[in-house]
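Every number in this text was worked out from the coordinates using simple rules, so none of it is lab data. Keep in mind that what you see is a predicted model, and the values were worked out from it rather than measured. Ideal geometry is used to build each Cβ from the backbone, glycine not excepted, and the neighbour counts take in all protein chains shown.
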Amino acid sequence: MAKIVHFSSVHPTFENRIFHKQCAGLARHGHEVILLSPHETAEVVDGVSIVPVFRPASRLARFTLTACDIVRRALAAKADLYHFHDPELIPAGLFLRLCGRRVIYDVHEDLPRQIMHKEWIPGVLKPAVAAVVGLCESVACRMMSALVVAEPVTARRFRGARRIAMIQNFPRLEDFGLVDQFVPLNERPADVVYIGAITRARGAREMVQAIARVPPILRARLLLGGSIDDELLQELQRLDGWKSTDYLGVLSRSQVLSVLNRSRIGLVVLHPTPKYLEAWPTKLFEYMMMKMPVIASNFPLWQEIVENAECGFTVDPTDPAAIAELITRLLSDAQAAAALGEHGANCVVEKYNWSVEEQKLLELYRAVLAP
């Protein structure tokens, strides 16, 4: 078994993909796993040794002081393999490569597209910054031992990489066991749920506007769980649909599953921006896992997933009236909604689950660690 160090300066310590799926999964397979993260205290959770690194007070401090502390602790660990998760840590990854270490870069998102949505970069500079950063990332990735990518669109950017594996962020089947008692769909309240970062581009306004258009007799409520900035929250609170909306704040993993277990419909109505058009939305598959019919944006990829799984409907995400019409339709026909939910859950069990992806990750590690 190998000694493996994962490190991140951006993601929360217990981020689902990094900690629960990758680190804890590797520990269950007998590997010694260390996670370097801006955590409060050193502790061992689910077999993973969490080692705190410098907690930054600013973006600049994160780029410099935190990154340097991560490199120092990574070298001190003398691991067989290093696996990092943030573009800003590419210099740290390159330094470890120069020191003769095996290093995997986990590309969570398409960086050039992500830059186009960074509010702190002036709009006129975004195309140039995205092009330069994308080129630098591509060159650096050729020097890594291997790449992990989460989506096909990202994989296409790195065809020249030494070794690449597409590990998609599908739900863990074990999460079914975290639900104390599964509630049949027709016994749940008429709650419509969205879990994730709450932004305009993710359809926040349209969801609140849509719930206002659902007939009051259905007693529908919109549940929103995730981070949101104060300006947008105040904007949503001024909409008519807010009186039928419950903002739940940022939720733990167990709280997310509890909310999904009491909801009737899952929403994932992101806007058609380049960042989202070819993304594989994790929440879509989590809704399916919890036997909920879904209402998703009518992007070609998402439409194909939903239609093949027969698990719900797609819609123009910028049309609150169309979203409301589908919510009304699903809440008015409990039997049809339950059938769609069952189809989605079966599809996750057969195809869209982490156990399949975990085997790809283990195989990549074996290849990288081979003499």
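Tabulated data for the structure shown
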item: Residues whose placed amide H lies under 5 Å from that of residue 164, excluding near-sequence neighbours; result: 147
item: Counted charge near residue 3, where neighbours are those whose Cβ lies closer than 13 Å (Asp, Glu -1; Lys, Arg +1); result: +1
item: The range 1-86: trypsin sites (Lys or Arg not before Pro) in DSSP loop, at most 11 other beta carbons within 10 Å; result: 78
item: Lysine pair count for the chain [Cα-Cα under 21 Å; pairs on different chains or 8 or more apart]; result: 14
item: Test item: Cα-centred dipole of the range 173-350, Lys/Arg +1 and Asp/Glu -1 on Cβ, debye; result: 480
item: Net charge of Cβ neighbours under 14 Å - reference residue 319; Lys, Arg +1; Asp, Glu -1; result: -1
item: Total charge dipole magnitude, the chain, about the Cα centre, Cβ charges on Lys, Arg, Asp, Glu only, Debye to nearest 20; result: 1120
item: Selection from 105, 198, 320, by position along the positive dipole direction of the chain (Cβ); result: 105
item: Local electrostatic count, residue 347, Cβ distance below 12 Å [Lys/Arg +1, Asp/Glu -1]; result: -2
item: Alpha-carbon centroid distance for the pair the range 304-371 / the range 7-81, whole angstrom; result: 30
item: Trypsin sites (Lys or Arg not before Pro) restricted to the range 165-271 and DSSP loop, no more than 16 other C-beta within 10 Å; result: 200, 219, 238, 262
item: Footprinting exposure proxy for 80, 110, 240 (fewest neighbouring C-beta atoms within 10 Å first); result: 240, 80, 110
item: Three-way shape label, the range 173-350, alpha-carbon gyration tensor, a/c 1.5; result: rounded
item: Positive-pole candidate from 93, 281, 131, dipole of the chain, charges at beta carbon; result: 93
item: Cut-off under 5 Å, modelled amide H: who pairs with residue 103 long-range; result: 82, 145, 146
